[in-house]
Amino acid sequence: MSEQTNLGGTFTLPNTSITMKRIGYGAMQLAGPNVWGAPRDVDAAVAVLREAISLGINHIDTSDFYGPHITNQIIRQALYPYPKDLVIVTKVGARRPEDGSWVLAMSRQDLTEAIHDNLRNLGLDTIDVVNLRLMGDGHGPSEGSLVEPLTTLAELKKQGLIRHLGLSNVTPTQLAEAQTITQIVCVQNQYNVAHQEDDAFIDDLAQQSIAYVPFFPLGGFTPLQSSVLESVAKSLDATPMQVALAWLLQRSPNILLIPGTSSVEHLRQNVKAAVLQLEQQTVADLNAIAAKPLADRFS
Ligand SMILES: NC(=O)c1ccc[n+]([C@@H]2O[C@H](COP(=O)([O-])OP(=O)(O)OC[C@H]3O[C@@H](n4cnc5c(N)ncnc54)[C@H](OP(=O)(O)O)[C@@H]3O)[C@@H](O)[C@H]2O)c1
């Protein structure tokens, strides 16, 4: 594989034989607007997924509540039979009623149905990794016990429907509680140059060899904007998005990226973030973005 597609090296999930390239792909952008319904162009969505594989990506993040069902069905259409080393990570804990909203779905029945929906729509007998996604405050976590839903997922794991479990939108206290029930291999929380609240958590997870997978690495529904990002990008002949991804790769070796895009061109740009080297001072400047009030991020 060329240097351009080294994808940031690899990371092996703790006590598993699952090794992932550090740049993966997040499939949420493949559904229709507001993550609802079909995309305008299904062939374009299929092309993005196939390009991801041809670039060497072996980690796809998804959920059956994207669409709902549709994103997983497109993944199956594009990639089945799946490459041997492909790791599909999904998440459960919400459902989408007809009005397109996101509703908590944590009962034993909800979670069991969600696992079977994922298996059916992806065409799998067992799912590599399932994240229990807590509702929290939306895109940030809030304290509260996860014993009941995680116990259900641990039982489904014992039945062989799930290989490994992770958590999403959680606090360190919730991780500790989860670890009394089952092994946790990854945590998926919001983190990017503008949201660095999880700094201490990332270091703790790195100590435990647990993967940290930032969602909204490029700002999600509110794309990252900052004059620092722009000037660094200009000086490196790169794009601000590539700089944002390179900063994450350099932040900690347990960080795995899942930038989302519906565009082959953006996907190709994103994987090139792996070759950007950020100097110490540049990293310090980027670290400082989150501390600035929103209005000052352009000054
Ligand atoms: N656990 C959770 O609660 C949770 C929540 C949200 C997301 N996720 C996961 O995290 C993944 C990433 O999050 P995300 O997709 O919401 O947000 P993101 O990766 O931060 O950003 C995606 C946005 O950036 C744009 N973009 C991507 N590459 C670009 C580039 N090179 N240049 C310019 N614009 C670019 C995309 O538009 P284009 O389509 O036009 O490229 C899209 O609007 C999702 O796909 C999903 O798998 C998890």
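The values are calculated or read from the model by the stated rules, or taken from the named source; none is laboratory data. It should be emphasised that the depicted structure is a prediction, and the values quoted were computed from it without experimental measurement. No Cβ is skipped: glycine too gets one built from the backbone with ideal geometry, and neighbour counts run over all protein chains shown. To get the accessible areas, we keep the full protein, side chains included, count just its heavy atoms, and leave off ligands, DNA and RNA. Shrake-Rupley method; radii C 1.70, N 1.55, O 1.52, S 1.80 Å.
So here's what we get for this one:
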item: Considering only the chain, percent of DSSP beta bridges that pair antiparallel, nearest 5; result: 20 percent
item: Alpha-carbon centroids, region 163-239 and region 1-75: separation in whole Å; result: 17 Å
item: Accessible area in the full protein assembly, largest first, 1.4 Å probe, for SER263, SER17, SER107, SER226; result: SER17, SER107, SER263, SER226
item: Simple spin-label estimate for GLU265 and SER54 in nanometres, 7 Å along Cα-Cβ; result: 1.7 nm
item: Percent RCO, i.e. relative contact order, over region 7-161, from Cα pairs under 8 Å lying at least 6 residues apart; result: 18 percent
item: Helix axis angle, 227-236 relative to the chain longest principal axis, alpha carbon, degrees; result: 70 degrees
item: Residue-span extension gain [SER252 to PHE221] - 0.36 nm each, minus C-alpha spacing; result: 8.7 nm
item: HN-Hα J in Hz across region 129-135 - Karplus 6.51, -1.76, 1.60, θ = phi - 60°, x for Gly and Pro; result: 9, 10, 8, 7, 9, 7, 6
item: Under-5 Å amide H pairs with GLY26, H placed in peptide plane, nonlocal only; result: ASP61, GLY260, THR261
item: Hull shadow area, averaged, region 17-289 [alpha-carbon convex hull, nm²]; result: 13.6 nm²
item: Value of relative contact order over the chain, rounded to a whole percent, pairs C-alpha under 8 Å and six or more apart; result: 19 percent
item: Nitroxide proxy distance, nm - points 7 Å out along Cα→Cβ at ASP204 and ASN6; result: 3.2 nm
item: Packing-based ranking, highest mean first, of 76-83, 123-130, 161-168 given that Cβ atoms within 10 Å are counted; result: 161-168, 123-130, 76-83
item: Lys pairs, the chain - Cα-Cα below 22 angstrom, 8 or more residues apart or on other chains; result: 8
item: Accessible area of region 137-269 divided out per residue, in Å², using a probe of 1.4 angstrom; result: 41 Å²
item: Added length on full extension, which subtracts the Cα-Cα distance from 0.36 nm per residue, THR16 to VAL283; result: 92.9 nm
item: Nonlocal amide H pairs with HIS164, under 5 Å, H built at 1.01 Å; result: VAL129, VAL130
item: 3J(HN,Hα) from dihedral phi, region 160-165, Karplus parametrisation 6.51/-1.76/1.60, rounded to Hz, x for glycine, proline; result: x, 7, 9, 8, 9, 10
item: C-alpha long axis of helix 147-158 to longest principal axis of the chain, angle in °; result: 80 degrees
item: Surface share of carbon and sulfur [accessible, 1.4 angstrom probe, percent] for region 17-289; result: 50 percent
